[in-house]
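Colleague: One structure is given below, represented as structure tokens, and several questions about it will come after.
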Amino acid sequence: MAANEMSGDVYYPSEDIVNNAHIPDYDSVNDKAVADLTGFWDEIAKENFEWYAPWHTTLDDSNAPFYKWFVGAETNIVHNALDRHMHTATRNKAAIIFEGEGGDERIITYHQLNRLVCKFSNVLRDQGVVKGDVVTIYMGNIPETAVAMLACAKIGAMHSVVFGGFSSEALLGRIEDSKSKMLITCDGAWRRGKIVDLKAMATVAAEKSTSLEKMIVVQRTNHDVEMKDGRDFWYHDLMADASDKSETARLSSEDNLFILYTSGTTGRPKAILHTHGGYMVYTATTLKWVFDLKDEDVWWCAADPGWITGHSYIVYSPLVNGATSIMYEGTPDYPTPERWWQLVQKYGITILYTSPTAIRGLMKYGSELPKKYDLSSLRLLGSVGEPINPAAWKWYYEHVGNSKAPIMDTWWQTETGGFMMTPLPSVPLKPGSATRGFPGILPDVVDKDGNSVKPGEEGTLVIKGPWPSMLRTIYGDDERYLKQYWSEFKEQGWYCPSDSAKKDEDGYIWVIGRQDDVINVAGHRLGTAEIESALVSHPAVAEAAVVGLPDDVKGTIVKAFCIVNQGNETTPELGEALRAHVGKEIGAIAKPASVAFVDSLPKTRSGKIMRRVLKAQELGEDVGDLSTLAD
Ligand code: WTA
């Protein structure tokens, strides 16, 4: 069954789950939030967080869609993630349980994490980093990534984390766009038993960059790397001399916390901007309510800190909640496809949050593997990143959750900061639907005039109102922010995430996929324009078009169609070379699964490539309306 086919099955939560949940009744809380949105968030923000100074305005919508939250308040997310826990029993609790790919293990308490963050914040200050600077972080999934992010936030610098799977070219583009002067990286990262030489790629970027001045290198893989005097510094050397006393900067609620690049319609990735106060309140509350986080839980968000999921739900919101969070360096099936189940048993993990791609990848090894391990500690499961097909949902539910752990299918985006559509543990589930809005969030599916579509009809997903962790803008490009997210339903003032969806008779929403030229490969957003511009930067390629095709494991894979320049032979070797070239320009995740050589591409009369025609042809489907086709 396709991911977007509405399944008729409904799974009701057990009485036990409902009675013990933080929010046993979704409707009453949602009604309250919808009736008085600002009162709702005002109360939550006052009760659950510490502020240096209170706000005078909960929500300032006078310059919408440039919304501001908790205006006038002073805070710092690090004060809530670390400082305040130093006065409670949380101080001695595990903040991060780290397991390396090779099985090495580190348990870092809140006290220890705070100490590392204090020291590293002093290192950054000594190196000249000041409030408002952008610090680029290019590392693997290790605790020092969290330390680096938190140390930036502590002093009011913004971090820009670039996923460690991106290439030196992609890294360079993000450093230049943000005019970053400081880069924090590792010697290498472990990936399937091999070293990914992050330092070598960082060096290539540093040498070409016009803004970068310094690089701090964390030792992880201990292989030989070249260090340039005066530019490159070892993390451990700087940390050895750093003081562990450090003031957390008193920031305004709307001060910038981080930027994170994500793909859009054009070739140039967008820097999504999030700020301290609203992001803190919303991400921490969504984690606590949706995954019903309790003091005794062991939370595992099996994402990478390089994506928004890692930012919000590995680093910030678990720490703000004083939770114990697992960080695992490796991939699900290395060195064995039992790796994840071993971890659940070893650490008594109670909540597992991952992607449909990972679930499908593990599902293909059969249900015997999870059966070999004691997974009885798991009480809640989660899914994110792409629509989950009902077959994968059911496998996850039966064989991982032993038919007792409800699955929270959370729909959200880099832009939204936190979960937007999601069940709570007390909500009846339908496999494949992210159900309804988080309390106070107003999602709807509408036609192009903004009318709600009838049940079963496809339409455009919109969010009809602001929320605390919404992106504030595209960093340095307010125009693009307005055009990208707020122009389609400008009069109504609705946020437009560029997804299509359906609604059913019960008001449950079923997300179908992207409406723009973004391809979601294994839960990672890639722009067709980015991949196409990588392909045409190869000397053999004259023109290129890429489309996403359905795949049993990854959800979608990329297929490229290329027209070669005269004199080039369209051999399989050239196809391989082009795949490698995309890997070099963007990163391995963007490599097309296959490359086809063609003589022409379907285009509109104005010269725009009609990707949907290529896709329909590939899938043997009706190509639809061809009236705009040039040829
Ligand atoms: C898709 C990831 C269906 C969607 C947190 C969205 C989903 C894009 C779901 C954002 C879900 C995310 N069901 N589709 N539960 N979660 N998506 O910015 O198309 O990397 O627009 O954020 O992923 O991807 P991003």
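The numbers here are math on the coordinates, done by the rules we state, and not lab data. All figures in this text were calculated on a predicted structure; none of them were measured in a lab. Positions of Cβ are backbone-derived with ideal geometry, glycine not excepted, and every protein chain shown enters the neighbour counts.
Colleague: Rounded to two decimals, what is Rg over Rh for segment 488-631 when you use alpha-carbon atoms and the Kirkwood radius? Working shown, then result.
Modeller: Details: Rg = 17.0 Å, Rh = 16.7 Å.
Rg divided by Rh gives 1.02.
Colleague: So which of Lys559/Lys608; Lys584/Lys608; Lys430/Lys615; Lys68/Lys294 end up more than 21 Å apart, counting from Cα to Cα?
Modeller: Over 21 Å apart, Cα to Cα: Lys584/Lys608; Lys430/Lys615; Lys68/Lys294.
Colleague: By how many nm would the segment from Asp478 to Val18 grow when fully extended, if each residue of separation counts as 0.36 nm and the alpha-carbon distance is taken off?
Modeller: Stretched fully, the Asp478-Val18 segment lengthens by 161.3 nm.
Colleague: On a straight-distance basis, which lysines could pair with Lys448 in a cross-link, Cα separation under 21 angstrom, same-chain partners fewer than 8 positions away excluded?
Modeller: Lys464, Lys483, Lys490, Lys502, Lys503
Colleague: Please work out whether the chain counts as rounded, prolate or oblate from its C-alpha gyration tensor, where a ≥ b ≥ c are the square roots of the eigenvalues and a/c under 1.5 means rounded, while otherwise a/b larger than b/c means prolate and anything else oblate?
Modeller: rounded
Colleague: Quickly estimate the mean residue ellipticity at 222 nm for the chain, helices only: each DSSP H run with n ≥ 4 gives -39500 (n - 2.57), and the total goes over all residues, rounded to 500.
Modeller: -8000 deg cm²/dmol
Colleague: In Å and whole numbers, how far do the C-alpha atoms of segment 441-516 stretch along each principal axis, longest first?
Modeller: That works out to 42, 23, 23 Å along the principal axes.
Colleague: Quick one: which of 168-177, 546-555 comes out on top by average Cβ neighbours within 10 Å, and what's the full order, highest first?
Modeller: Peptide ranking by packing, descending: 168-177, 546-555.
Colleague: On to the next question. Would you mind listing how long segment 137-245 runs along its three principal axes, going by Cα atoms, in whole Å with the largest first?
Modeller: The Cα atoms of segment 137-245 stretch 36, 32, 26 Å along their principal axes.
Colleague: Here is a follow-up. Output the relative contact order of the chain, whole-number percent, from Cα pairs under 8 angstrom with separation of 6+ residues.
Modeller: Taking the mean separation of contacting Cα pairs over the length of the chain, I get 14 percent.
Colleague: Summing Lys, Arg as +1 and Asp, Glu as -1, what charge do residues with Cβ under 15 Å from the Cβ of Cys118 carry, Cys118 excluded?
Modeller: For residues surrounding Cys118, the net value is +1.
Colleague: Evaluate the relative contact order of segment 441-516 (contact order divided by residue number), counting alpha-carbon pairs under 8 angstrom at least 6 apart; express in whole percent.
Modeller: Details: 127 pairs, mean separation 24.7, N = 76.
This gives 33 percent for segment 441-516.
Colleague: To continue, here is another question. In percent, what relative contact order does segment 443-589 have, based on Cα pairs under 8 Å that are 6 or more apart in sequence?
Modeller: 16 percent
Colleague: Further question on the same structure: Given the convex hull over the Cα atoms of segment 294-354, what projected area results after averaging over all orientations, in nm²? Write out the running numbers ahead of the final one.
Modeller: Values: hull surface 15.8 nm².
Spelled out: convex hull of the Cα atoms, projected over all directions, averaged, 3.9 nm².
Colleague: Looking at the square roots a ≥ b ≥ c of the eigenvalues of the Cα gyration tensor of segment 378-427, which shape do they give, rounded for a/c under 1.5, prolate if a/b is larger than b/c, or oblate? Write out the running numbers ahead of the final one.
Modeller: On the way: a/c = 2.65, a/b = 1.68, b/c = 1.58.
Judged from the Cα gyration tensor, segment 378-427 comes out prolate (a/c at least 1.5, a/b above b/c).
Colleague: Distance between the C-alpha centers of segment 494-518 and segment 71-110? Whole Å please.
Modeller: 36 Å
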